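The structure appears right after this line, and notes come after that.
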Amino acid sequence: MSKESRVSGRYKINIPLKVTLIYAVVGILWILLSDRLLFSLVKDPHLASTIAIAKGWVYVAATAWMLFFLIRGNFRAIEESKEALRTSEERLAKVVETMADGLVIIDRDGIIVFANAAAENILGIARSDIKGKTFSDPAWRITRVNGEPFPVDELPFASVIRTGAPAYGIEHAIECPNGNRAILSVNATPLRNTSDSIIGVVTSIRDITERKRAEDERRERRAHERRIREEAEKAKREFYKGTIFSVTDGKLNLVSREEIERQLAPDARRVELVDGDSLTAVRVAVDRMAASVGMSEDRIYDLVSAVGEAAANAVKHANGGTALIGIRGDNIQVCIEDHGSGMDALVLPRATLMKRYSTTTSLGLGYSLILASVDTVYLATDRHGTWVLMEKSIMARQREMSLEALPDTW
């Protein structure tokens with residue numbers, strides 16, 4: 001019971017008690033003092049006795065008249081309260097009977113003692129059959145939404161009795177007597193007496209079967225649309241991959257990040273690309289590594305030019321990145337990884353093949369120069385950034401690709 005309720009109860013008891021005590025004190029004082037005053041003023045005993053009797057009748061009549069008005073007012077207030085209570089109960093009953101959600105009251109022992117019309121419709125059982133059943137009666141065939149068993153101690157009633165706190169939005173499924181399966185969302189709150197002890201649980205039940213079905217359909221539709229987009233994107237990339245591979249005579253390969261990681265030399269040196277000094281550092285590192293294995297000056301110049309172009313692209317247009325420099329087999333490998341947003345598949349053909357094509361993620365002649373300067377390029381790009389792995393053999397190969405051989409348009 002709340003503090004306000006206890007204070008209100010004491011107030012209602014104290015007022016009548018105080019009135020009664022005041023009446024008793026006034027009555028006693030009236031009898032004692034009025035008699036003394038009377039006998040001090042009237043010396044004739046017979047006359048004094050007659051006046052005392054009359055005084056008593058006047059007191060009785062006055063108090064009776066006062067009690068009449070008090071009792072009549074009290075009865076009138078009681079009748080008005082009864083009428084207000086009856087009106088309130090009728091209004092509440094209409095609300096309960098016409099509400100869309102089911103309302104079920106369960107006593108402390110788990111027995112259903114009340115169910116409204118909506119509960120009858122949702123549960124598919126007549127109210128006369130609902131009353132008297134337990135909250136976990138096997139007739140409900142309660143399961144989780146996915147069909148798995150629903151532990152009894154996790155049901156709303158058990159949760160409220162165990163914790164003393166309301167439970168909201170608990171979802172489970174039931175199988176109705178007509179064979180239909182319904183998914184319910186249940187709220188439950190404790191019902192307490194004046195001593196603040198739980199004497200039952202009030203539960204509201206909402207049938208969310210159609211909502212769940214609509215959510216499942218939307219989820220399946222989104223998944224289907226996502227699969228279609230992914231398949232279309234995959235087909236588009238495969239087409240571009242094959243086309244670009246053919247147009248570049250096998251020099252430019254569109255691959256995944258994982259494929260590039262598998263291609264990389266395991267002991268590659270790492271250089272962070274953040275500013276102009278780091279661009280110089282990566283060029284110097286490539287130059288020294290290539291010279292240390294006997295690569296010719298012309299080939300070193302081409303390789304350093306390609307690496308510088310890719311590294312500058314990462315710093316200027318993609319928030320920096322990382323260069324990995326190593327040797328694998330008879331090839332010098334340099335991989336530039338940037339922190340940009342990647343290139344859209346529709347842009348790839350122009351960005352990699354068209355001379356002077358430029359966007360915020362490509363540098364005009366950048367890829368054309370790279371393709372003309374190295375033997376093989378592996379390119380991976382997605383929304384997390386772009387990886388460009390460049391390979392150039394230490395010793396010259398018979399066939400070289402010139403910048404002029406690249407197509408001007410897609």
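The values are calculated or read from the model by the stated rules, or taken from the named source; none is laboratory data. This is a predicted model, so every value here is computed, not measured. Cβ coordinates were reconstructed from backbone atoms using ideal geometry, including for glycine residues, and neighbour counts include every protein chain displayed.
When you go through ALA281, ALA285, ALA306, ALA291 one by one, which is the residue that is more than 52 Å from the chain's Cα centre (by Cα) and assigned by TED's automatic domain parsing to the domain that holds VAL377? Working first, answer last.
Numbers: ALA281 fails: more than 52 Å from the chain's Cα centre (by Cα); ALA285 fails: more than 52 Å from the chain's Cα centre (by Cα); ALA306 fails: more than 52 Å from the chain's Cα centre (by Cα).
Exactly one residue qualifies, and that residue is ALA291.
Does ALA281 satisfy being surrounded by 14 or more Cβ atoms within 10 Å (Cβ to Cβ), out of contact with any helix residue (DSSP H, G or I) (no Cβ under 9 Å at 6 or more places or on another chain), modelled with pLDDT of 90 or more and in a helix (DSSP H, G or I)?
On the way: surrounded by 14 or more Cβ atoms within 10 Å (Cβ to Cβ): yes; out of contact with any helix residue (DSSP H, G or I) (no Cβ under 9 Å at 6 or more places or on another chain): yes; modelled with pLDDT of 90 or more: yes; in a helix (DSSP H, G or I): yes.
So ALA281 fits the description; yes.
Can you tell me which residue is farthest from the chain's Cα centre (by Cα) among those in region 161-177 that are under 22 Å from ASN146 (Cβ atoms) and not acidic (Asp, Glu)? Outline the logic, then answer.
Let us first name the residues in region 161-177 that are under 22 Å from ASN146 (Cβ atoms), namely 167-176.
Cutting the leftovers down to not acidic (Asp, Glu) gives us 167-170, 172-174, 176.
On the way: ALA167: 17, TYR168: 14, GLY169: 13, ILE170: 15, HIS172: 19, ALA173: 22, ILE174: 25, CYS176: 30 Å.
Among those residues, the one meeting the criterion is CYS176.
Applying the selection to region 132-154, what residues are on the phi < 0 side of the Ramachandran plot and in a loop (DSSP other than H, G, I, E, B)?
Here is the first cut: in region 132-154, the ones on the phi < 0 side of the Ramachandran plot are 133-140, 142-146, 148-154.
Result: LYS133, PHE135, SER136, ASP137, ILE142, ARG144, VAL145, ASN146, GLU148, PHE150, PRO151.
Applying the selection to region 53-67, what residues are farther than 18 Å from LEU33 by Cα and aromatic (Phe, Trp, Tyr)?
Within region 53-67, just TRP65 meets the criteria.
Would you check if there is a residue in region 229-242 being of a type in the set (Phe, Trp, Tyr), part of a helix (DSSP H, G or I) and touching a Leu at 6+ places or on another chain (Cβ under 8 Å)? Walk me through how you get there before you give the answer.
Restricting attention to region 229-242, the residues satisfying the condition of being of a type in the set (Phe, Trp, Tyr) are 239-240.
Among the residues that remain, those that are also part of a helix (DSSP H, G or I) are: 239-240.
Among the residues that remain, those that are also touching a Leu at 6+ places or on another chain (Cβ under 8 Å) are: 240.
Yes.
I'd like the full set of residues that are closer than 17 Å to THR209 by Cα, surrounded by fewer than 18 Cβ atoms within 10 Å (Cβ to Cβ) and of a type outside the set (Val, Ile, Thr), limited to region 125-147. Give the steps one after another, and end with the answer.
Step one: list which residues in region 125-147 are closer than 17 Å to THR209 by Cα, which gives 140-147.
Subset that is surrounded by fewer than 18 Cβ atoms within 10 Å (Cβ to Cβ): 141, 143-147.
Listed by number, the residues that qualify are ARG141, ARG144, ASN146, GLY147.
Looking only at region 104-129, which residues are at pLDDT 90 or above, under 20 Å from VAL152 (Cβ atoms) and assigned to a loop (DSSP other than H, G, I, E, B)?
Within region 104-129, ARG108, ASP109, GLY110 meet the criteria.
Quick check on this structure: which one of GLU97, GLU79, GLU89, GLU83 is under 34 Å from the mean Cα position of the chain (by Cα) and part of a helix (DSSP H, G or I)?
Details: GLU79 fails: under 34 Å from the mean Cα position of the chain (by Cα); GLU89 fails: under 34 Å from the mean Cα position of the chain (by Cα); GLU83 fails: under 34 Å from the mean Cα position of the chain (by Cα).
So the residue among GLU97, GLU79, GLU89, GLU83 that is under 34 Å from the mean Cα position of the chain (by Cα) and part of a helix (DSSP H, G or I) is GLU97.
Which numbered condition trips up VAL95, out of (1) in contact (Cβ under 8 Å) with a residue 12 or more places away in the chain; (2) under 27 Å from PRO156 (Cβ atoms); (3) among the β-branched types (Val, Ile, Thr)?
The failed condition is (1).
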